[in-house]
Amino acid sequence: MRRRIFAAVVLVCMWSTFVLAVAQTNAKRSQNDSKSKPSDAATGSQTDGGKLFQANCGRCHNPPESISPREARAVVRHMRVRAMLSAEDEKLILKFLAP
Amino acid sequence: MGARVLLAFTLALFGLSSASAQSDTPILSGGAGFFSATQGDTTFFQPVVAPVLVVPLGEKWLVESRADLRGFISRENGSTGPYQGQFFGTLEYLQLDYNANSHLTITAGRFLTPFGIFNERISAIWINKFQDAPAMAAIGIAGGYSDGFMLRGALISNDRYVVNYTTYFSTLSTVNKFESERTFGARLGVFLPRLGLEVGTSYQRKLQDQRMNSVGTHLSWTPPGLPAEVKGEWAHSLSGHGYWIQGGYRLSQFGGPDSAIGRLEPVFRMQQFFRSRLIAGDSLPSTNVRRPEFGLNYYLPREVRLNASYGRQFISQSTDVNVWEFGITYRFLFPLLPGESK
């Protein structure tokens, strides 16, 4: 039993180290991405709305591949309730999705 | 009768939505999937469709609904005999939301019980990294659904931290498809956007039958700029206590999210439940359970995801079993009214 716990701890530590190393190596690459597709927000959009979208949407799920401006309003209203967004954040995210 | 009322209600909503601004286009979203699971020598299959309807009504009002239409196909005697199927339809939520102000949304109707993070945020089939819910996720959610009213919103919101809250009251309902328990509960969370970290605590008081309190804490961490996440919950009630913690890392930093490797997402989950007292109908395992699981998700284009996972379930006073799960999910989103797509 102790061996198993030890092995699990070692695996978790190795995994964390690997993730952090990859993150540092690729940080600059993701910062330079400025596309406005929702799925691109995952790699670090520079707009406030994009950041908010990623921070709040990404808390629960991967961003969708695309959202048309016609769908954006309903999506953001739904998200406001689910993610408990303020009205200001809702406006910024809507501006990002349907500029 | 219930179906007719729902249909009439839906048509009325479409009428109202059509009459409002063009930007208030209702949407149909959700997921469809097909899952298979083998526990020991028992295999079963589940075709699922879980549509989400969202109808904005002007600036302040919103109607949201999600159903779960699911088949359960298994052999007649568990591991032998011909396959047979049963089909279930569940109305998971049908709620009317009113955005009273920047910090308060008032919800009435049937809603997902807000305890912890699994039931309300992760249970959708296209979100959940694993096919099934953690065993202890049944603590504090009173069957998963509540009929009543809820207040929720962000008490404080700035770019450094967000304090969010939810409080609700649910009434006892025995109406078919609208069953719920008489409960009261609340959840408080603090979200740090710059760190992608949220921690929170939940409470529920059951106000019928075996009256009891449930308490829990949750954690969610999605590091900014990194396609990884860690989520977990711990909860305690009179029935017992338990936890689950899961992590996932999308390999999109190897050649981009659309590369063959970048579409892969290894995931891990550990869960344990410790039974304290047998309480009928609490939807929790009857004995102590421990299950580590490893999985691999593969994100295909067009919102299709393949899932595969292996877990070993250790059960007190019973034989341990292997759990293999495979599945495919499709996430959809489209407007429900005709119009130009810009």
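The values are calculated or read from the model by the stated rules, or taken from the named source; none is laboratory data. Just so we're clear, the structure is a prediction, and the values are computed from it rather than from any experiment. With ideal geometry, Cβ positions are generated from the backbone for all residues, glycine too; neighbour counts draw on all protein chains shown.
Regarding B:SER286, is this residue hydroxyl-bearing (Ser, Thr, Tyr), out of contact with any strand residue (DSSP E or B) (no Cβ under 6 Å at 6 or more places or on another chain), buried (at least 20 other Cβ atoms within 10 Å of the Cβ) and more than 12 Å from chain A (Cβ to nearest Cβ)? Here the answer is no, as B:SER286 does not meet what is asked.
For residues in segment B:291-317 being outside any strand (DSSP E or B) and at the interface with chain A (Cβ under 10 Å from one of its Cβ atoms), which is modelled with the lowest pLDDT? Walk me through how you get there before you give the answer.
The first filter runs over segment B:291-317 and keeps only residues outside any strand (DSSP E or B), leaving B:301-303, B:316-317.
Those left that are additionally at the interface with chain A (Cβ under 10 Å from one of its Cβ atoms): B:301-303.
Values: B:PRO301: 89, B:ARG302: 86, B:GLU303: 90.
Among residues in segment B:291-317 that are outside any strand (DSSP E or B) and at the interface with chain A (Cβ under 10 Å from one of its Cβ atoms), the one modelled with the lowest pLDDT is B:ARG302.
Taking every residue in segment B:113-129 that is within 7 Å of chain A (Cβ to nearest Cβ) and pairing it with any residue that is assigned to a loop (DSSP other than H, G, I, E, B) and of a type in the set (A, V, I, L, M, F, W, C), at least 6 positions away or on another chain, the pairs with Cβ-Cβ distances below 9 Å are B:ARG121/A:CYS60; B:ARG121/B:ILE127; B:ILE122/A:CYS60; B:ILE122/B:ALA133; B:ILE127/A:CYS60. Kindly indicate whether any position in segment B:224-236 is among the aromatic types (Phe, Trp, Tyr), within 21 Å of the chain's Cα centre (by Cα) and within 13 Å of chain A (Cβ to nearest Cβ). The answer is no, given that none of the residues of segment B:224-236 is among the aromatic types (Phe, Trp, Tyr), within 21 Å of the chain's Cα centre (by Cα) and within 13 Å of chain A (Cβ to nearest Cβ).
When you check B:THR113 against the structure, is it modelled with pLDDT of 90 or more, more than 19 Å from the chain's Cα centre (by Cα) and crowded, with 22+ Cβ neighbours inside 10 Å, yes or no?
Values: modelled with pLDDT of 90 or more: yes; more than 19 Å from the chain's Cα centre (by Cα): no; crowded, with 22+ Cβ neighbours inside 10 Å: yes.
Taking the combined requirement at face value, the residue does not satisfy it.
Residues in segment B:324-332 include none that are more than 19 Å from the chain's Cα centre (by Cα) and acidic (Asp, Glu).
For segment B:172-180, the criterion of being at pLDDT 90 or above and farther than 30 Å from B:LEU69 by Cβ is met by none of the residues.
Can you give me the number of residues within segment B:22-79 that are of a type outside the set (Ser, Thr, Tyr), crowded, with 18+ Cβ neighbours inside 10 Å and not in a strand (DSSP E or B)? Going through segment B:22-79 one residue at a time, the tally reaches 2.
Among the criteria (1) part of a strand (DSSP E or B); (2) under 22 Å from the mean Cα position of the chain (by Cα); (3) within 12 Å of chain A (Cβ to nearest Cβ), the one B:THR90 does not fulfil is (3). When the residues of segment A:63-88 are filtered to those that are modelled with pLDDT under 85 and touching an Asp or Glu at 6+ places or on another chain (Cβ under 9 Å), the one that is farthest from B:ARG187 (Cα to Cα) is A:ARG70.
Could you pull out the residue among B:GLY240, B:GLY200 that is in contact with a Phe, Trp or Tyr (Cβ under 7 Å, 6 or more places away or on another chain) and touching a residue at least 24 places away in the same chain (Cβ under 8 Å)?
Values: B:GLY200 fails: in contact with a Phe, Trp or Tyr (Cβ under 7 Å, 6 or more places away or on another chain).
Only one candidate qualifies: B:GLY240.
Restricting to segment B:152-182, name every residue that is away from chain A (no Cβ under 11 Å) and part of a strand (DSSP E or B).
Across segment B:152-182, the qualifying residues are B:THR167, B:TYR168, B:PHE169, B:SER170, B:SER173, B:SER180.
Scanning segment A:43-89 for residues that are among the aliphatic types (A, V, I, L, M) and touching a residue at least 12 places away in the same chain (Cβ under 8 Å) returns A:LEU52, A:ILE67, A:ALA72, A:VAL75, A:VAL76, A:MET79, A:ALA83, A:LEU85.
If you scan segment B:268-288, which residues turn out to be in a strand (DSSP E or B) and under 21 Å from the mean Cα position of the chain (by Cα)?
Of segment B:268-288, the ones in a strand (DSSP E or B) are B:268-275.
B:PHE268, B:ARG269, B:MET270, B:GLN271, B:GLN272, B:PHE273, listed by residue number.
Take segment B:300-317 and flag every residue that is under 20 Å from the mean Cα position of the chain (by Cα) and under 20 Å from B:ALA260 (Cβ atoms). Hits for segment B:300-317 are B:GLU303, B:VAL304, B:ARG305, B:LEU306, B:ASN307, B:ALA308.
When segment A:85-98 is filtered for residues that are out of contact with any Leu (no Cβ under 9 Å at 6 or more places or on another chain) and facing chain B (nearest Cβ under 7 Å), the ones remaining, listed by number, are A:SER86, A:ALA87, A:GLU88.
If only residues of segment B:253-272 that are over 21 Å from B:TRP324 (Cβ atoms) and in contact (Cβ under 8 Å) with a residue 24 or more places away in the chain are counted, the one that is surrounded by the fewest Cβ atoms within 10 Å (Cβ to Cβ) is B:ASP258. Exactly one residue among B:THR201, B:THR217, B:THR183 is under 17 Å from B:ARG110 (Cβ atoms) and either buried (at least 16 other Cβ atoms within 10 Å of the Cβ) or among the polar types (S, T, N, Q) (or both), and that residue is B:THR183.
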